[in-house]
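What follows is a short report on a single structure.
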Amino acid sequence: MSAIGQPLELACGQTLANRLMKAGLSEQLSDREHAPTRALEQLYDRWGRGGCGLIITGNVTVDRRHMAEPRNVAIEDDRDRDRLHRWARAGQRGGTRVWVQLNHPGRQANPLAGRTRPVAPSAVALDVPGAPRPRALTVGEIEAIVERFATAAAIVKDAGFDGVQLHGAHGYLISQFLSPLANLRDDDWGGDLDRRMRFPVEVLRAVRAAVGDGFAVGIKLNSADFQRGGFTEDESEHVVARLARERIDLIEISGGTFEKPAMMGSVARQSTRDREAYFLTYAERVRAHAGTVPLAVTGGFRSRSAMDQALADDACDVIGMGRPLCVDPEAAHRLLSDAGHYAAAGTPRVSARSLLGRVVDLHAADALLDVQWHTDQIHRIAAGRDPDPARSWWRTIATTAHRNGLAALSRPRRG
């Protein structure tokens, strides 16, 4: 049997049927009140039958006042329990485990979506054009957000999901607390690394206390921010070692932020691209610090040979995929059954590059287009259609403007 086909038992007692994981992808398919929809059920029914041993949902926020995108799901209380239950069952029909990715965007919140000024550890804006300056959180607000994660996790468990993943990567709130660029606090929640890592530790502990030992709890972490003066690989190693001492079932390794989108391969060296996985070298380095906690690596994997080799080398335990599953929801089945299969993703690029390159960062523009182009594919699957690999970049620009601009102007009704 291929290495990717081997089961994996987690500390909580759950067993993953194989080593393939659908990584979290922001779906933007909630209704106006940020509740799950039939479209989400249809999407996850197809992904759930696609062959992955584990599915991570996309970006469920714990505070509907602060949304990364206008139409993502929010969980603050049990008002949507029945809809959450249907969503869970849709993804589990194929025998896979389904975990909800819990998140707070912090300063990366879309102010149009929440109609609220973004909050963050410190009043430091993103280094991107037009980003608003966030308001620094009070100690009481920090403690309240910790409890929001715990409350959401308990509701997720009650709805029938198999676990939760805390989103501590890609520049969202947990990773903002870890970053010396975003966290300039001088109290118990900032300063040296021990105090900067307090927030993720407290969130993890609160979530575990809320769900008990038989429910899976994982976290997604940056290997680094890839920004001068930011969160480094050395610091990330210390965070992994600290979290591994808690009751945690899986650590997913990624990297980058909105400002430096390394998760899209923008900073990968050719030697890294040859191995396919962008963060595999770091995973090998951090393995000793993780102890017995399994590691998942997401970003860049495409061929079964590279996946099997990474597992055989003990560099990681789980292979994460995102974009390939947007253009082929059955990619996991194909990888498991065909040793030569290559799970391709779309590679859209903006046009007029020589002209646009004079005024914008093309790496950042391409990364944004890439994310939104794959979101378009997600929406096609959710509507019962097949993906469209030939979709033009300019159609994606139009749908992005609607999703993240015009759609955000319609104020959600409060339940």
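Here are a few things to note about the model shown:
- Given (1) under 22 Å from Met21 (Cα atoms); (2) touching an Asp or Glu at 6+ places or on another chain (Cβ under 7 Å), number of the condition Phe215 does not satisfy: (2)
- Taken residue by residue, segment 347-366 has no member that is small (Gly, Ala, Ser), under 22 Å from the mean Cα position of the chain (by Cα) and either modelled with pLDDT of 95 or more or buried (at least 20 other Cβ atoms within 10 Å of the Cβ) (or both).
- At least 1 residues being within 26 Å of Arg97 (Cβ to Cβ), modelled with pLDDT of 95 or more and in contact with a His (Cβ under 6 Å, 6 or more places away or on another chain) is the threshold, and among the helices (runs of 4 or more DSSP H) wholly inside segment 116-234 those reaching it are 173-178.
- Scanning segment 3-30 for residues that are more than 30 Å from Asp80 (Cβ to Cβ), among the charged types (D, E, K, R) and touching a residue at least 40 places away in the same chain (Cβ under 8 Å) turns up just one, Arg19.
- On inspection, Ala35 qualifies as surrounded by fewer than 22 Cβ atoms within 10 Å (Cβ to Cβ) and small (Gly, Ala, Ser).
- Top-ranked residue of segment 395-406 - restricted to ones that are surrounded by fewer than 17 Cβ atoms within 10 Å (Cβ to Cβ) and modelled with pLDDT under 85, ranked as farthest from the chain's Cα centre (by Cα): Leu406
- Of the set (1) more than 24 Å from Ala296 (Cα to Cα); (2) free of Cβ contacts under 8 Å to residues at least 24 places away in the same chain, all apply to Val73 but (2).
- Residues that are assigned to a helix (DSSP H, G or I) and either basic (Lys, Arg) or out of contact with any Cys (no Cβ under 6 Å at 6 or more places or on another chain) (or both) within segment 329-340 comprise Ala331, His333, Arg334, Leu335, Leu336, Ser337, listed in sequence order.
Yes/no per residue for (1) more than 22 Å from Ala182 (Cα to Cα); (2) crowded, with 20+ Cβ neighbours inside 10 Å:
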position	(1), (2)
Trp99	yes, yes
Arg117	no, no
Pro132	no, no
Asp158	yes, no
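- Qualifying positions in segment 225-254 - closer than 22 Å to Leu184 by Cβ, of a type in the set (Gly, Ala, Ser) and surrounded by 20 or more Cβ atoms within 10 Å (Cβ to Cβ): Gly230, Ser236
The values are calculated or read from the model by the stated rules, or taken from the named source; none is laboratory data. Just so it is clear, the structure is predicted and the values come from calculations on it, not from any experiment. Quick reminder, even Gly has a Cβ in these numbers, built from the backbone with ideal geometry, and neighbours come from all protein chains shown.
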